[in-house]
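These notes concern the structure reproduced below.
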Amino acid sequence: MEPAPASTRPQASRSPVRWLRLGASRALRLWRRSLQVRITTTTLLICGIIVLVLGFVLIKQITNGLLDSKIRSASEEVVSGQQYTLQQLQTLGGPNDPAVQNAVSQIDNALSSSARNAGADAGEYGVLLKPADPQLLAAWSRQLDTSRANVPAELADKVTNSDALAYQYTRLASKIDASTSPYLVMGAPVVTDSGTFALYYFFPLSELQTTITLVQNAVLATGGLLVLLVVGLAALVTRQVVQPVRVAARTAERLSAGLLAERMQVDGEDDLARLATSFNQMAGNLQRQILALEDLSRLQRQFTSDVSHELRTPLTTIRMAAEVLHSVRSDFDEQTRRSAELLYNEVERFELLLTDLLEISRYDAGFAVLESEPHDLRQLVNRAVGAIAPLAARAGSMVRIDQPRSPVVAEVDARRVERILRNLLGNAVEHGEGRPVEIGMAANADTAAVTVRDYGVGIAPKDAETVFDRFWRADPSRARQTGGTGLGLSIAREDAHLHGGWLQAYGETGVGAVFRLTLPLRAGDEISESPLPLEFGPPSSHPSAEVSRG
């Protein structure tokens, strides 16, 4: 069976959980990045809680007030009916009077008619008068309709066993359909010579419930509108405050990008206007300082260039004279011959120092340019070894090369890479104490690396990062054998960083040092690892020191 097309396959990425996570992530990011959103949301939450609490209290008070008013009016009506019933039954001849039953029925009808004539909405139920004695109630049930409403048992007990009014809220079923309606049932005992009776009034609460519902909806609607109004005002006020801050942030970003003429617009004389004015003053001062520094840097570069050119003419003359004296030094006495040799060597070192200073000034000024072309790194290593071979022969050091058989082609500036290798080899020979110097090379799909290791005096692990500082020396009392300028490793590091690569060092005092150059095979690529290790033993026992890219 062929697999279903990608468009018809179920994708877990479209699950609700992922969408919820994505939405939560975006909301959290918006919350962290927007001051206006935080203030508006906080205002919404606080106002919502306050409105809910106040609305609940207000609705509770209104409901209690309406119910209390209903109870008071109902009590007055029940007391009036109680007194009327008592007056009517007192005229009878006692419990055995045959007219008692008929009188109770008439009183019931009269009170119900009175309630309807008074405009009271009694609903399906109204007034109920019945004997309190169960036996008498059972005997009268055939002639007296005492089952018009289901009086709650708890209320019936209170009315029968006390002399006070009692009431209870209940829901009574409709006689027409299966619906129920809220009622206030209030009862009172009627004690006469003809017997004890219970008088019940049924007051419907449907209209009261409708009123309370309208009040609740009005309070909630008013509260909601109030919350929206407050949130809108908070958003508007916050925007008036946040907008200038956003403008200031964008202006600061443009200033940091080099657009030094950017300024904020000043409107009015309030605090935000003063902020914009202060920001513009700061930007103006920064612009003047930056322009002054640029002028100073330009003058410095011009001065360095002029000095270098002016020094080269007398330096050339001095070098020619030193070469003449050095060529005939055998004709001089011992002291003069030694002076001629020193003059020749120091003039050569001075020329190297001048060249290195000019190169460092180019890096400081940001004028260094990389001229990348495809080169076989093995050839560059071989040329560097050939250039350092005379120095290695004088020092008694053997240079060993371990490199791949196949070409290692990388897009590099050959002059700069060869200068890096010469510097590393020269330092290895100078500090190798006549011991072998080993060169390793390896490459993977993206990077190539070259290591130079010696077994000489070494460097302390704590100095692995400072070894590339300008004019740094691990032992200031140690004399240079190669006449170096102290800028070689610093220039080598800048050359490596210009390629987007690493130049790292590791060493141990008395054991030796290893330098690793890592370069991308394609110009402009990022590198994340090196194909060669940077330690003497296992990585767990020898941490590497990495120089960050420039």
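Of the residues making up the range 447-469, just one is over 16 Å from L424 (Cβ atoms) and at pLDDT 90 or above, namely T447.
Among the residues of the range 52-72, those identified as of a type in the set (S, T, N, Q) and open to solvent by 60 Å² or more (accessible area, probe 1.4 Å) are Q61, N64. Checking each residue in the range 157-209 for being open to solvent by 80 Å² or more (accessible area, probe 1.4 Å), of a type outside the set (F, W, Y) and modelled with pLDDT of 80 or more picks out D157, K158, N161, R171, V191, E207, Q209. Determine if the range 241-264 includes at least one residue that is touching a Leu at 6+ places or on another chain (Cβ under 7 Å), surrounded by 13 or more Cβ atoms within 10 Å (Cβ to Cβ), in contact (Cβ under 8 Å) with a residue 40 or more places away in the chain and closer than 18 Å to L35 by Cβ. Looking for residues that are touching a Leu at 6+ places or on another chain (Cβ under 7 Å), surrounded by 13 or more Cβ atoms within 10 Å (Cβ to Cβ), in contact (Cβ under 8 Å) with a residue 40 or more places away in the chain and closer than 18 Å to L35 by Cβ, one finds at least one in the range 241-264, hence yes. The selection criterion, being polar (S, T, N, Q), modelled with pLDDT of 85 or more, open to solvent by 70 Å² or more (accessible area, probe 1.4 Å) and under 30 Å from P189 (Cβ atoms), holds for Q83. Mind checking whether some residue in the range 337-358 is modelled with pLDDT of 80 or more, of a type in the set (S, T, Y) and open to solvent by 70 Å² or more (accessible area, probe 1.4 Å)? Within the range 337-358, none of the residues are modelled with pLDDT of 80 or more, of a type in the set (S, T, Y) and open to solvent by 70 Å² or more (accessible area, probe 1.4 Å). Here are some residues: L343, L370, L353. Which one is closer than 30 Å to R522 by Cβ and either part of a loop (DSSP other than H, G, I, E, B) or of a type in the set (A, V, I, L, M) (or both)? One residue alone meets the criteria, L370.
Every residue, every condition in (1) part of a helix (DSSP H, G or I); (2) under 29 Å from the mean Cα position of the chain (by Cα); (3) touching a residue at least 12 places away in the same chain (Cβ under 8 Å), yes or no:
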| site | (1), (2), (3) |
| --- | --- |
| A234 | yes, yes, yes |
| M282 | yes, no, no |
| E294 | yes, no, no |
| T304 | yes, no, yes |
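For the range 265-280, the tally of residues that are over 18 Å from L35 (Cβ atoms) and in a helix (DSSP H, G or I) stands at 5. Taken as a whole, the condition of being open to solvent by less than 10 Å² (accessible area, probe 1.4 Å), among the β-branched types (V, I, T), in contact with a helix residue (DSSP H, G or I) (Cβ under 9 Å, 6 or more places away or on another chain) and in a helix (DSSP H, G or I) applies to V429. Checked against (1) closer than 26 Å to A448 by Cα; (2) open to solvent by less than 30 Å² (accessible area, probe 1.4 Å), M398 passes all but condition (2). If we scan the range 44-51, do we find a residue that is β-branched (V, I, T), open to solvent by less than 30 Å² (accessible area, probe 1.4 Å) and in a helix (DSSP H, G or I)? Among the residues of the range 44-51, not one is β-branched (V, I, T), open to solvent by less than 30 Å² (accessible area, probe 1.4 Å) and in a helix (DSSP H, G or I), which makes the answer no.
Set side by side, the residues Q216, Q209, Q240 differ, and just one is in contact with a strand residue (DSSP E or B) (Cβ under 8 Å, 6 or more places away or on another chain) and assigned to a helix (DSSP H, G or I), which is Q209. Test V385 against the stated conditions and say whether it is assigned to a helix (DSSP H, G or I), over 28 Å from V429 (Cβ atoms) and modelled with pLDDT of 80 or more. For V385, the condition - assigned to a helix (DSSP H, G or I), over 28 Å from V429 (Cβ atoms) and modelled with pLDDT of 80 or more - is not met. A249: closer than 30 Å to L272 by Cβ and either at pLDDT below 85 or not hydrophobic (A, V, I, L, M, F, W, C) (or both), yes or no? Criteria met by A249. Of the residues that make up the range 295-316, is at least one under 30 Å from V266 (Cβ atoms) and open to solvent by less than 90 Å² (accessible area, probe 1.4 Å)? Yes, some residue in the range 295-316 is under 30 Å from V266 (Cβ atoms) and open to solvent by less than 90 Å² (accessible area, probe 1.4 Å).
The values are calculated or read from the model by the stated rules, or taken from the named source; none is laboratory data. On a predicted model such as this, the values are computed, not experimentally measured, just so you know. No Cβ is skipped: glycine too gets one built from the backbone with ideal geometry, and neighbour counts run over all protein chains shown. Keep in mind that these areas ignore ligands, DNA and RNA; they rest on the heavy atoms of the full protein, side chains included. Shrake-Rupley method; radii C 1.70, N 1.55, O 1.52, S 1.80 Å.
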